[in-house]
1. From the list G263, G253, G233, G283, pick out the single residue that is surrounded by fewer than 19 Cβ atoms within 10 Å (Cβ to Cβ) and free of Cβ contacts under 8 Å to residues at least 40 places away in the same chain.
2. Among the residues of the range 30-69, write down those that are among the acidic types (D, E) and either under 21 Å from the mean Cα position of the chain (by Cα) or over 21 Å from L276 (Cβ atoms) (or both).
3. Search the range 232-247 for residues being within 12 Å of the ligand (Cβ to nearest atom) and not small (G, A, S), and hand back the single one that is farthest from L147 (Cα to Cα).
4. Six or more apart or on different chains, Cβ under 7 Å: which pairs go from a residue in the range 7-19 that's within 13 Å of V32 (Cα to Cα) and open to solvent by 10 Å² or more (accessible area, probe 1.4 Å) to one that's outside any loop (DSSP other than H, G, I, E, B) and among the aliphatic types (A, V, I, L, M)? Could you list them?
5. Can we say G283 is over 20 Å from F99 (Cβ atoms), within 16 Å of the ligand (Cβ to nearest atom) and at pLDDT below 95?
6. Quick one: which strands (runs of 3 or more DSSP E) sit completely within the range 87-204 and have at least 3 residues that are at pLDDT 95 or above and over 14 Å from the mean Cα position of the chain (by Cα)?
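The values are calculated or read from the model by the stated rules, or taken from the named source; none is laboratory data. Not measured: the values here are computed from a predicted model. Neighbour counts run over all protein chains shown; Cβ positions are idealised from the backbone, glycine included. Just so you know, the surface numbers come from the protein's heavy atoms only, side chains and all, with ligands and any DNA or RNA stripped out. Shrake-Rupley method; radii C 1.70, N 1.55, O 1.52, S 1.80 Å.
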Amino acid sequence: MRLVTFYSGGRARPGLVRDDRVTDVGSLYSSVNDIVAEGEAALERLREIEDTSGVPLAEVRLGPPLVPSNIFCVGWNYLKHFQEGAMQRDEKLPDHPAFFSKALGTVIGPSDDIPAHSDVTSSLDYEVELTVVIGAPGRSIAQERALEHVFGYTVGNDVSARDVQRRHGGQWLKGKSLDGTCPLGPWIVTRDEIPDPQKLEVVSRVNGEERQRSTTDLMMFPVADLVSRLSEGMTLRPGDVLLTGTPEGVAMGMEVPRYLAPGDVVECEVSSIGTLRNEVRAGPGP
Ligand code: MG
């Protein structure tokens, strides 16, 4: 099942995507967050909807598929991306995943513009990431049961201001939290449609030119391991999202980095899910 948040009459509505049409389910649930919180019972109810007279998907504007309660992220999770970043500074391979978060004001929809923030950064970079949406809450979740706590998957672009990252002590929060720097979507694909999250392709393109291409089986810490470790002593809640790290090919790793500039179009794609397509726009934010 594919769940979207779309705009109708100026309001955000939850919708179900079938055959490239969107069925408004706003009479049953006020938001996709409510569906995520109710979990399997909500999905059962939505499966019974027979009305297929939706609006063509191409005619609606999509918002972020849900309003995340937290945006958790993973640092180095693909060996070659680690090599193009941390290994340049002689860091050794980690035994544990590096976690950080992005501010909630970063979230934008799958086709919204990414602000260039040229007044604070001159090294805006893209990072395509398989993104997990947490459903059932849990703390200290065993790895074997971790996927049961996943409601579904979406695509994220962990847009990062590298110079801001570096000048604030090398920590990640500030450089990854500029307004509008976390496109999410285009929808949430429920877990039942992706039985193995380690068999997906992740690709990014800038102005049609491929920059990143990898597969999730190359993750150093697979999804179940990430969910388990992140939840150690820390409750994960419905609506929390987890960006699972990006593969090699970011601008930062190039000999002469080709950072994002106003007018650039960034596409981030994960197979079996979909594609984000965001233009970089001059200016400070939404
Ligand atoms: Mg990232």
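1. Values: G253 fails: free of Cβ contacts under 8 Å to residues at least 40 places away in the same chain; G233 fails: free of Cβ contacts under 8 Å to residues at least 40 places away in the same chain; G283 fails: free of Cβ contacts under 8 Å to residues at least 40 places away in the same chain.
Just a single option satisfies the conditions, and that option is G263.
2. D34, E38, E40, E44, E48, E50, D51
3. Looking at residues that are within 12 Å of the ligand (Cβ to nearest atom) and not small (G, A, S), I get P247.
4. V17/V4; V17/L57
5. Considered against the rule, which asks whether it is over 20 Å from F99 (Cβ atoms), within 16 Å of the ligand (Cβ to nearest atom) and at pLDDT below 95, G283 comes out as no.
6. none
Each row is one residue, and each column tells you yes or no for (1) of a type outside the set (V, I, T); (2) under 25 Å from G274 (Cα atoms); (3) within 15 Å of the ligand (Cβ to nearest atom); (4) free of Cβ contacts under 8 Å to residues at least 24 places away in the same chain.
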site	(1), (2), (3), (4)
I71	no, yes, yes, no
G85	yes, no, yes, no
A103	yes, yes, yes, no
D119	yes, no, no, no
Y126	yes, yes, yes, no
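Conditions tested, residue by residue: (1) crowded, with 19+ Cβ neighbours inside 10 Å; (2) touching a helix residue (DSSP H, G or I) at 6+ places or on another chain (Cβ under 9 Å); (3) over 17 Å from V189 (Cα atoms).
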{"site": "D34", "(1), (2), (3)": "no, yes, no"}
{"site": "E48", "(1), (2), (3)": "no, no, yes"}
{"site": "S53", "(1), (2), (3)": "no, no, yes"}
{"site": "L66", "(1), (2), (3)": "yes, yes, no"}
{"site": "Y78", "(1), (2), (3)": "yes, yes, yes"}
{"site": "H81", "(1), (2), (3)": "yes, yes, yes"}
{"site": "E84", "(1), (2), (3)": "no, yes, yes"}
{"site": "E91", "(1), (2), (3)": "no, yes, yes"}
{"site": "D95", "(1), (2), (3)": "no, no, yes"}
